[in-house]
Amino acid sequence: MIDPLLQPLTIGSQKIDNRIFMPAMHLNMCRNFEVTEKLIEFYKRRSEGGAGLISTGYATVDELSGNGGNIGAHDDRFLPGLNQLAEAIHLGGAKAAVQLNHAGRYNHSALLGGRAPIAPSPIASRLTGETPREMTEADIAAVQQSFALAAQRVVDAGFDIVEILAGTGYLISEFLSPLTNTRTDSYGGPLTNRMRFGLEIVRSIRSQIGNVPILVRINGNDFMYGGNGRQELHRFAVALAEQGADALCVNVGWHEAKVPQIVTKVPRGVFAYMAREIRNSVNIPVIASHRINDPATGRRLIGEGFCDMVAMGRALIADPDLPRKVKEGQERDILHCVACGQGCFDNLVRMKQVECLCNPLAGHEQEYRLEPGAGTKRVIVAGGGPAGMNAALVAAARGHQVSLYEKSMRLGGQLHLAGASPGREEFRNLAADLVRKIWNSNVRVVLNTEVDGPLLQTEQPDLVIAATGGKPITPTITGASLDHVVQAWDVLQDGWLLGERIIIIGGGAVGVETALLVAQQGTLSAEELKFLFLHDAEPPDELKRLALEGTRKVTLVEMEEKLGSNFGKSTRWSMLQDLGRHGVDVRAKAVVEQIGKQEVVIRQNGEQVRLEADTVVLAVGTSAFNPVEKIAMELGVDCKVVGDARRPATVMAATHQGFRAGYEVV
């Protein structure tokens, strides 16, 4: 039986070799709209990995539609770069598409030389805080013509398919939604009028490019209160198919929506039901997207009729060879995206290019070549967390003799802690992926052994990479050494606590994750809830209460005003949202004065408050643990320090530091 993922698919006049689609994602790798060698190498690598169809973008249609970090398609001067990009994708065997888009009110005047962004109505954007200029009918006609001319350019450049972004809160979405479209002319009012702008763009592009396939990326649900839900967007999808679209890719949510869409807590493939309902009403291929990061999920969605193709965007940033590994029966070797958002989304907020926590090569394909160096060095890596494993893997790949020492009985380090909180399990999956890569490599692994002076004297390495991590800080608070006071790391690792009243001191990422883990103890599982719901055992409101209300009373105490400041922007808001849902009592701008046997004394707003406590959990931070560097220096052995052993930071920082240290061994 042919694997559903490997079956060919026809979109319009184009035959796609398999059902794995890499959708367009903003990478911020262009400069002044020009395609760069960095961008070309990035997509070339994904094509070589075996994806059937790759869409790049988004690409601009006029000067107000994006910024210089986007791919430019609004002027003929961008044709040479577009052509090089199309050729690079074709060289790997994939079909190539370009996604055309206009940001509308999501653009910012600072990126437009002071010019105001445009939109159907002058309604301020919650993302930018700016009020756009209302488009005239002449503006509308000009933008529609710009889409058509940009489509012709990308076809002339050699792309096989033209994609239109008609969702996510950008300009076409803004015309569709009553939240952003209050016009009284033929482009506003009832849904039929609000659909008109997008449908006319499809018609304009079709008349310009003939039978070249058109793919439209739409929302299945905007997840905006008072905006478009599934019913309205379903009608839009049917209208697009009738208008001549050759395929639909079903997206979800606006950027300002309060439903998480791409982060770790989102279950794999959860939004595919929207694609299924649209697929049942149209006669063109439908692509499901969002949080499809493994072949098993994609295979199930296609096999069960949810969709005809699956979009794997961040999954192919993390592992560009995922499609090839499916074809060659090597799925166990896939490095899965953990949906952390740290490199692919949070970097964009900081105006940086896309990178990846899991794959340090992503976005750096030009810089790093994993080829053997001129000589062979004896390398000892001390510590088997993400920094140490990445250092060991890349050093071994470059031909060095690498020994990885881990003082505990398992590899993975703090990834096991990061994956302990509900909805964060993907980090433990990353630990498992890296461990498999280690065991399949030439790295010699020694567990339950600490790197010390005698070991270095015996091994005589040329270089030591210290990746010994960090250790939790114990604050100088009266009572911090009492028996009922524990470290958050121990709670995350073991998962149990005594008593009902839990006080967590420290509201950083570890404190928030621990609070959520404890607050959800005693809630009903998804399996239990589904059983009770299907059998009408309890009313839906009662089931929701049982899903949220646990058996612990959790209080989180934080000195600063802001909680979770060391989370990335894509993750923080949803984690804080969950604290409220699960009834965690948050005491911000509060200082712990003393820990007693059954209470914690804090000072908040100038007043002393006594909080009853059965167990107190410390989550006040991490300090570097680096005993190896001094030993190596005393023995005259070169030493590089990476990860938390160097300075406590994020998993992404540890991964990239470890990779660079291993790569730079010469």
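Among the residues making up region 290-315, those that are farther than 13 Å from CYS337 by Cβ, without any contact (Cβ under 8 Å) to a residue 40 or more places away in the chain and in a helix (DSSP H, G or I) are ALA296, ARG300, LEU301.
Under 18 Å from ALA73 (Cα atoms) and under 30 Å from the mean Cα position of the chain (by Cα) - does that describe any residue in region 128-139? Explain how you work it out, then say what you get.
So the first thing to find is which residues in region 128-139 are under 18 Å from ALA73 (Cα atoms), and the list is none.
Within region 128-139, not a single residue is under 18 Å from ALA73 (Cα atoms) and under 30 Å from the mean Cα position of the chain (by Cα).
Across region 82-110, the number of residues qualifying as free of Cβ contacts under 8 Å to residues at least 60 places away in the same chain, under 16 Å from ALA59 (Cα atoms) and touching a Gly at 6+ places or on another chain (Cβ under 8 Å) comes to 1. Since MET29 meets every condition but one in (1) at pLDDT 95 or above; (2) within 25 Å of ALA245 (Cβ to Cβ), which condition does it not meet? The single condition MET29 does not satisfy is (2). Is at least one residue of region 129-139 within 26 Å of ASN221 (Cβ to Cβ), touching a Leu at 6+ places or on another chain (Cβ under 7 Å), crowded, with 24+ Cβ neighbours inside 10 Å and not small (Gly, Ala, Ser)? No: region 129-139 contains no residue that is within 26 Å of ASN221 (Cβ to Cβ), touching a Leu at 6+ places or on another chain (Cβ under 7 Å), crowded, with 24+ Cβ neighbours inside 10 Å and not small (Gly, Ala, Ser).
Yes/no matrix, rows are residues, columns are (1) surrounded by fewer than 24 Cβ atoms within 10 Å (Cβ to Cβ); (2) in contact with a strand residue (DSSP E or B) (Cβ under 9 Å, 6 or more places away or on another chain); (3) assigned by TED's automatic domain parsing to the domain that holds VAL216:
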position: ILE284; (1), (2), (3): yes, yes, yes
position: GLY363; (1), (2), (3): no, no, no
position: TYR368; (1), (2), (3): yes, no, no
position: GLU371; (1), (2), (3): yes, no, no
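When every residue of region 381-398 is checked against the conditions, none turns out to be closer than 28 Å to ASP17 by Cβ, out of contact with any helix residue (DSSP H, G or I) (no Cβ under 7 Å at 6 or more places or on another chain) and touching a residue at least 60 places away in the same chain (Cβ under 8 Å).
Out of everything in region 151-186 that is assigned to a loop (DSSP other than H, G, I, E, B) and among the polar types (S, T, N, Q), what residue ends up being surrounded by the fewest Cβ atoms within 10 Å (Cβ to Cβ)?
Within region 151-186, the first condition is being assigned to a loop (DSSP other than H, G, I, E, B), and the residues that meet it are 157-160, 166-170, 177-186.
Filter once more, keeping what is among the polar types (S, T, N, Q): 168, 177, 180-182, 184, 186.
Values: THR168: 22, SER177: 22, THR180: 26, ASN181: 20, THR182: 13, THR184: 9, SER186: 12.
Restricting to residues being assigned to a loop (DSSP other than H, G, I, E, B) and among the polar types (S, T, N, Q), the top hit is THR184.
When region 79-105 is filtered for residues that are in contact with a Phe, Trp or Tyr (Cβ under 6 Å, 6 or more places away or on another chain), over 18 Å from ARG45 (Cβ atoms) and either outside the structural domain of SER13 (by TED's automatic domain parsing) or in a helix (DSSP H, G or I) (or both), only GLY104 remains.
Only one residue in LEU430, LEU404 is crowded, with 24+ Cβ neighbours inside 10 Å and outside any strand (DSSP E or B). Which one? I'd like the intermediate steps shown before the answer.
Values: LEU404 fails: outside any strand (DSSP E or B).
Checking each option against the conditions leaves just LEU430.
If you go through region 241-251 and keep only what is surrounded by 24 or more Cβ atoms within 10 Å (Cβ to Cβ) and either touching a residue at least 40 places away in the same chain (Cβ under 8 Å) or outside the structural domain of GLU174 (by TED's automatic domain parsing) (or both), you end up with ALA245, ALA247, CYS249, VAL250, ASN251. How about region 296-307: which of its residues are under 14 Å from ASP3 (Cα atoms) and crowded, with 24+ Cβ neighbours inside 10 Å? GLY298, LEU301 - these are the residues of region 296-307 that are under 14 Å from ASP3 (Cα atoms) and crowded, with 24+ Cβ neighbours inside 10 Å.
The set of residues in region 135-150 being closer than 22 Å to GLU232 by Cβ and either assigned to a loop (DSSP other than H, G, I, E, B) or in contact with a Ser or Thr (Cβ under 6 Å, 6 or more places away or on another chain) (or both) consists of MET135, GLN144. Contact map, region 536-560: first residue among the hydroxyl-bearing types (Ser, Thr, Tyr), second residue part of a loop (DSSP other than H, G, I, E, B), Cβ cut-off under 7 Å, separation 6 or more or different chains; pairs are THR551/GLU500; THR551/GLN521; THR551/GLY522. If GLY104 satisfies all but one of (1) within 28 Å of the chain's Cα centre (by Cα); (2) of a type in the set (Gly, Ala, Ser); (3) at pLDDT below 95, what's the number of the condition it fails? Here GLY104 clears every test but (3).
The residues listed here are ARG217, ARG203; of these, the one that is out of contact with any Ser or Thr (no Cβ under 6 Å at 6 or more places or on another chain) and farther than 18 Å from PRO23 by Cβ is ARG203.
Criterion first (under 30 Å from ALA653 (Cβ atoms), surrounded by fewer than 20 Cβ atoms within 10 Å (Cβ to Cβ), in contact (Cβ under 8 Å) with a residue 40 or more places away in the chain and touching a helix residue (DSSP H, G or I) at 6+ places or on another chain (Cβ under 9 Å)) does ARG332 satisfy it? Let's see the steps before the verdict.
Working: under 30 Å from ALA653 (Cβ atoms): yes; surrounded by fewer than 20 Cβ atoms within 10 Å (Cβ to Cβ): yes; in contact (Cβ under 8 Å) with a residue 40 or more places away in the chain: yes; touching a helix residue (DSSP H, G or I) at 6+ places or on another chain (Cβ under 9 Å): yes.
For ARG332, the condition - under 30 Å from ALA653 (Cβ atoms), surrounded by fewer than 20 Cβ atoms within 10 Å (Cβ to Cβ), in contact (Cβ under 8 Å) with a residue 40 or more places away in the chain and touching a helix residue (DSSP H, G or I) at 6+ places or on another chain (Cβ under 9 Å) - is met.
Hey, any hits in region 70-87 for a residue that's among the basic types (Lys, Arg) and surrounded by fewer than 19 Cβ atoms within 10 Å (Cβ to Cβ)? Among the residues of region 70-87, at least one is among the basic types (Lys, Arg) and surrounded by fewer than 19 Cβ atoms within 10 Å (Cβ to Cβ), which makes the answer yes.
Please list, ordered by first then second residue, the pairs with beta carbon atoms under 9 Å, 6 or more apart or interchain, first in region 203-227 and under 11 Å from ALA151 (Cβ atoms), second surrounded by 22 or more Cβ atoms within 10 Å (Cβ to Cβ) and of a type in the set (Phe, Trp, Tyr). Within 9 Å, the pairs are SER204/PHE147; ILE205/PHE147; GLN208/PHE147; VAL212/PHE159.
Go through the residues of region 422-440 one by one and say whether even a single one is among the polar types (S, T, N, Q) and farther than 30 Å from ALA547 by Cβ. Walk me through how you get there before you give the answer.
As a first pass, look at region 422-440 and keep what is among the polar types (S, T, N, Q): 429, 440.
Remaining after also requiring farther than 30 Å from ALA547 by Cβ: 440.
For region 422-440, residues among the polar types (S, T, N, Q) and farther than 30 Å from ALA547 by Cβ: present.
If the condition is being surrounded by fewer than 12 Cβ atoms within 10 Å (Cβ to Cβ) and either among the hydroxyl-bearing types (Ser, Thr, Tyr) or in a helix (DSSP H, G or I) (or both), then region 494-540 contributes ASP494, SER525, ALA526, GLU527, LEU534, PRO540. Does region 228-235 contain at least one residue that is within 25 Å of GLY189 (Cβ to Cβ), touching a Lys or Arg at 6+ places or on another chain (Cβ under 9 Å) and surrounded by 18 or more Cβ atoms within 10 Å (Cβ to Cβ)? The answer is yes, given that some residue of region 228-235 is within 25 Å of GLY189 (Cβ to Cβ), touching a Lys or Arg at 6+ places or on another chain (Cβ under 9 Å) and surrounded by 18 or more Cβ atoms within 10 Å (Cβ to Cβ). Answer with yes or no whether SER421 is polar (S, T, N, Q), at pLDDT 95 or above, more than 17 Å from the chain's Cα centre (by Cα) and on the phi < 0 side of the Ramachandran plot. Criteria not met by SER421. Would you check which residues across region 61-117 are charged (D, E, K, R), closer than 30 Å to PRO8 by Cα and in contact with a strand residue (DSSP E or B) (Cβ under 7 Å, 6 or more places away or on another chain) and list them? If the condition is that a residue be charged (D, E, K, R), closer than 30 Å to PRO8 by Cα and in contact with a strand residue (DSSP E or B) (Cβ under 7 Å, 6 or more places away or on another chain), then LYS95 is the only one that fits. Residue pairs whose Cβ atoms lie under 9 Å apart, separated by 6 or more positions or on different chains, with the first residue in region 133-153 and under 19 Å from GLU163 (Cα atoms) and modelled with pLDDT of 95 or more and the second of a type in the set (Phe, Trp, Tyr) and surrounded by 15 or more Cβ atoms within 10 Å (Cβ to Cβ), are VAL143/PHE197; GLN144/PHE197; ARG153/PHE78.
The values are calculated or read from the model by the stated rules, or taken from the named source; none is laboratory data. Quick caveat, the model's predicted, so the values are computed rather than measured. Reconstructed Cβ throughout: ideal geometry from the backbone, glycine too, with neighbour counts over all protein chains shown.
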